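Peer 1: Before we start, here is the structure in question, set down as structure tokens.
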Amino acid sequence: MNLQSVADKLYTSQTKVQELEKVTALYPGLTVDDAYTIQKLCVDRYLENGDALVGWKMGLTSKAKQVSVGVDDPIYGRLLSSMDLPSAEFSTKGLIHPRIEPEIAFIFGRELKGSHVTLRDVWLATEFIVPAAEVIDSRFRNFSFTLVDVIADNASAARFITGDQVYSPGHVSLAEMGVSLRKNGEVVQTGAGAAVLRHPVRSIVELVRMISGIGESIKPGMVVLTGGITEAVSVVRGDWIDIDYTGLGSLALQVR
Amino acid sequence: MSQLSTEEQEISDWADRLYEAGTSKQPIRPLTEVEPNFTIESAYKVQLKNTARRVAHGDVVVGHKIGLTSKPMQKLLGVSEPDYGHLFRSMQFYSGNVIDFPLVQPKIEPEIAFILKEDLVGPNVTILDVIHAIDFVVPAIEVIDSRIADWKIKLPDTIADNASSGCYVLGTRPFKISEIDIARIGMVMSVDGSMVDTGSSAAVLGNPLLAVAWLANKLFDFDTTLRARHVVLSGAVCSAVSLQSGQRFQARFGQFGSVEGQFQ
């Protein structure tokens, strides 16, 4: 089996906005390692076309999502410059079935690497934290996938936005930081930071441990989305989303 | 024996069945399955009947609980407004207690509890009236319970069953309403040391004060009022979680403190 051809299929799906059958249905033998290789090969196509790697995202960081996919561990994906929304609105054009989830993003001032990284190492390397929202979009029909599929599909990464205002890493207790998400004025999701692996900082530790296995690291200036604090909310054109992060302000997003 | 109308007889029968289900711990079939046309009005009459019975047995009403305050719960039951039940002295526990209350199929829900310093009389109660009437605020965990088998409840079932209340656990560090950002309290719930869910007080109608105002105004329709020193449990901050006997539970609300307890 040729991993490059699977990556090419996903690249076409992502860029031409075409739904795909699960890659595990086409190639039943694919492993998790294969899936991460496919993810990298696919992202390389973007980089060849002038895009840039600006950070990482974590997925399957909540118990509920891990149970729904039948795994015990989170996964990671790659964030590209082209996914970074320049303003508080985004178009559903270019997306198949977008969903929004509130997250906390860490912004790094120093490189963070190695399989023995600790919580303290993460805090020392973190320059700022910032409220963020991720627009996820599985390229698979009905958002239905196995672990291998979603890893190959760059952990469903599509778009992301970070708030205007950054905060120092110790500004609030992130575990108990409340989040509420309103869709068209109505509270539809609430949660607290502990939904992300008991504390978002643990998500960074998991990420660094995973990517150090392939010789990668978090570089100075990179952003990391630590994982959804509530369930993801489906959106369509015309929806407006307001997310409140206790002590960290709010984010508003208009869906065009 | 006095002659009861058919409706009064029906209300009295359902009140007996629900009361009996609670004492025998033998849940019953849903009212709405047996009587598909059971109205919300009749359901509140059933609840009031059993409230009077408990008072006659020596218990005391010390407040009210508000239920169905989140959009997901309202959608689940196909309703657009909350409901309420009565809180009795016998149901009250404090953080750290072992809960030895008789329960049928309990679940826990973290909530924000308000203790009033003055009566709050509807109609037309506003958020400002509520703020004035609040003495202090404490974190709480409500233990909800259902006398209806497998929690197969529709709106009239839960209303008749005292809004599915069991008992409740209050935190003991009171806060003034001006000390906290009441609509933005984050919450992390654990059972036996493992995190089970998180939420925010915004889950309660967007702002728990709105739920209290709703209750004060709703009670006006039933000719009752919220009294000074009464407790109001304002509604769940996250989804309810089922619990077994012997399990420990805790809700952490950040700077607003925490509440914990253990089932006997």
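We did not get these values from a lab; they are worked out from the coordinates using the rules stated. Only a predicted model underlies this, so the values are computations on that prediction, with no experimental measurement involved. Methodologically, a virtual Cβ is constructed for each residue, glycine included, from the backbone with ideal geometry; neighbour enumeration extends over all protein chains shown.
Peer 1: Roughly how tilted is helix B:40-56, in degrees to the nearest 10 and between 0 and 90, from the longest Cα axis of chain B?
Peer 2: 80 degrees
Peer 1: Step by step: find N for chain B, compute 2.2 N^0.38 Å, then divide the Cα radius of gyration by it. What's the final number?
Peer 2: Normalised Cα radius of gyration, chain B: 0.96.
Peer 1: Rounded to whole Å and sorted largest first, what semi-axes of the equivalent ellipsoid does the C-alpha gyration tensor of the protein assembly as shown yield via the square root of 5 times each eigenvalue?
Peer 2: Each semi-axis is the square root of five times an eigenvalue, giving 48, 24, 21 Å.
Peer 1: For segment B:251-259, take each phi angle, set θ = phi - 60°, evaluate the Karplus expression 6.51 cos²θ - 1.76 cosθ + 1.60, and give the result in whole Hz per residue in order, putting x for glycine and proline.
Peer 2: Running phi through 6.51 cos²θ - 1.76 cosθ + 1.60 with θ = phi - 60° gives 10, 9, 10, x, 5, 7, x, 8, 9 Hz.
Peer 1: Using the alpha-carbon atoms, what tilt in degrees (0 to 90, nearest 10) does helix B:6-24 show relative to the longest principal axis of chain B?
Peer 2: Here the helix axis deviates by roughly 50 degrees.
Peer 1: Collect residues whose amide H, placed 1.01 Å from N in the peptide plane, falls under 5 Å from the amide H of A:Gly55; neighbours closer than 5 in sequence don't count.
Peer 2: A:Leu79, A:Val223
Peer 1: Let me ask you something else. When DSSP beta bridges are limited to those with both residues in segment A:3-255, what percentage is antiparallel, rounded to the nearest 5?
Peer 2: 85 percent
Peer 1: Using alpha carbons only, how many angstrom separate the centre of segment B:57-77 from the centre of segment A:137-200?
Peer 2: For segment B:57-77 versus segment A:137-200, the Cα centre distance is 31 Å.
Peer 1: Starting from the Cα gyration tensor of segment B:163-215, multiply each eigenvalue by 5, take the square root, and state the resulting semi-axes largest first in whole Å.
Peer 2: Listed largest to smallest, the semi-axes of segment B:163-215 are 21, 16, 14 Å.
Peer 1: I'd like the orientation of helix B:208-221 relative to chain B: the angle between its Cα long axis and the longest Cα principal axis, in ° from 0 to 90, rounded to 10.
Peer 2: 30 degrees
Peer 1: Next question. If Lys and Arg each add +1 and Asp and Glu each add -1, what is the summed charge of the other residues whose beta carbon sits under 12 Å from the beta carbon of B:Thr158?
Peer 2: 0
Peer 1: Quick check: the distance between the Cα centres of segment A:1-40 and segment A:214-256, to the nearest angstrom?
Peer 2: 25 Å
Peer 1: Something else now. Amide H of A:Ala158: which non-local residues (sequence gap of 5 or more, or other chain) have their own amide H closer than 5 Å, using H built in the peptide plane?
Peer 2: A:Val135, A:Asp137
Peer 1: What are the ³J(HN,Hα) couplings of segment B:87-104, residue after residue, when phi is run through the Karplus curve with 6.51, -1.76, 1.60 and θ = phi - 60°? Round to Hz, x for glycine and proline.
Peer 2: Each residue's phi maps through the Karplus curve to give 9, 10, 4, 5, 8, 8, 10, 10, 3, x, 5, 8, 8, 10, 7, x, 10, 9 Hz.
Peer 1: Please list, in order, the residues from segment B:80-110 whose amide nitrogen is less than 20 Å from a point placed 7 Å along the Cα→Cβ vector of B:Phe222.
Peer 2: In segment B:80-110, the label zone of B:Phe222 (backbone N under 20 Å from the point 7 Å along Cα→Cβ) covers B:80-92.
Peer 1: Further question: Mind listing the long-range amide H neighbours of B:Gly122? Cut-off is under 5 Å, sequence gap 5 or more, other chains count too, H placed in the peptide plane at 1.01 Å from N.
Peer 2: HN-HN under 5 Å from B:Gly122: B:Phe220, B:Leu226.
Peer 1: Do me a favour and compute the ellipsoid semi-axes for segment B:1-93 from its Cα gyration tensor, root of five times each eigenvalue, largest one first, whole Å.
Peer 2: Semi-axis lengths for segment B:1-93 are 22, 20, 13 Å.
Peer 1: Ok, one more. Can you compute the charge dipole magnitude of the protein assembly as shown about its Cα centre, using +1 on each Lys and Arg Cβ and -1 on each Asp and Glu Cβ, nothing else charged? Give it in debye, rounded to the nearest 20.
Peer 2: Result for the protein assembly as shown is approximately 600 debye, rounded to the nearest 20.
Peer 1: Bin width 5 Å, origin at 0, all Cα-Cα pairs of chain A: what percent of pairs per bin?
Peer 2: Using 5 Å bins, I get a P(r) of 1, 6, 14, 19, 20, 18, 12, 7, 2, 0, 0 for chain A.
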